[in-house]
1. Need the failing condition index for Thr99 against (1) touching a Leu at 6+ places or on another chain (Cβ under 8 Å); (2) modelled with pLDDT of 95 or more; (3) assigned to a helix (DSSP H, G or I), just the number.
2. Has the range 46-63 got any residue that is assigned to a helix (DSSP H, G or I), modelled with pLDDT under 65 and within 21 Å of the chain's Cα centre (by Cα)?
3. Is it the case that Ser120 is modelled with pLDDT of 95 or more, among the polar types (S, T, N, Q) and crowded, with 18+ Cβ neighbours inside 10 Å?
4. Out of Glu143, Glu84, Glu95, Glu88, I need the residue that is of a type in the set (Asp, Glu) and within 25 Å of Lys182 (Cβ to Cβ). Which one?
5. Is it the case that some residue within the range 66-79 is buried (at least 17 other Cβ atoms within 10 Å of the Cβ), closer than 22 Å to Ala42 by Cβ and of a type in the set (Val, Ile, Thr)?
6. Residues to consider are Tyr179, Tyr134; find the one that is surrounded by 15 or more Cβ atoms within 10 Å (Cβ to Cβ), modelled with pLDDT under 95 and either in contact with a Leu (Cβ under 8 Å, 6 or more places away or on another chain) or farther than 14 Å from Leu121 by Cα (or both).
7. List pairs: first in the range 119-142 and under 19 Å from Tyr83 (Cα atoms), second charged (D, E, K, R), Cβ under 6 Å, 6+ apart or cross-chain?
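The values are calculated or read from the model by the stated rules, or taken from the named source; none is laboratory data. Fair warning: this is a prediction, and the values are worked out from it, not measured in the lab. Glycine also receives a Cβ, built like all others from the backbone with ideal geometry; neighbour counts cover every protein chain displayed.
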Amino acid sequence: MTRLFRSILIAALMLAITSSAFASGSEKETPKRNDNDKKKQAINVYNSGVMLMEKARTEGQKADSNFAFNYRATSSAKAKRVYERAAENFSKAVELDPTMVSAFSNLGYCLRKTGKLDESLKAYNSALKLDPKYAQAREYLGETYLAMDDLEKANGELKFLSEMKSAYADTLAQSIDIYKLKQMSKKMNESN
């Protein structure tokens, strides 16, 4: 082999090695950049969902009595439609970022307010799988149990929140008290 041919071969190999190293380095950065873009998109979609959820709450307050502790679906058709739109946003947010605990929790809330209790439970359980001490999801889960007439499980969530010394324990306790009053009232009406 001539010296010139060897030099060309070595140069070509060095170029191939350098190109390969550069290409593999840029491949590692692309998924990271995509993950950051997805997280940003998830946050934007989540924030839109929160705005819709607040709009639905305001609309629901006009139609529902004891709205602050109304653990069942809203009676307002307009509020339900807005909750459904918010739920779509939260679903998209968790699709983009499956670690977004608050999006799972709010998704569960919106599903509960539209009467989709089984789907609501799944969303809360997804949130609690990511963060078992996420108090807001526990409160919402307890209220979903009330909507399903499962006082025992609601009391279990209250106990958990009370042991955590969470302010959400007070909210769930008030919902449980209203649930009990409604049950007593229902029994009294049935006996008359």
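1. For Thr99, the failing item is (3).
2. For the range 46-63, residues assigned to a helix (DSSP H, G or I), modelled with pLDDT under 65 and within 21 Å of the chain's Cα centre (by Cα): absent.
3. yes
4. Selected residue: Glu143, the only one of Glu143, Glu84, Glu95, Glu88 that is of a type in the set (Asp, Glu) and within 25 Å of Lys182 (Cβ to Cβ).
5. no
6. Tyr179
7. That search, which allows pairs on different chains as well, returns Ser120/Arg112; Leu141/Glu157.
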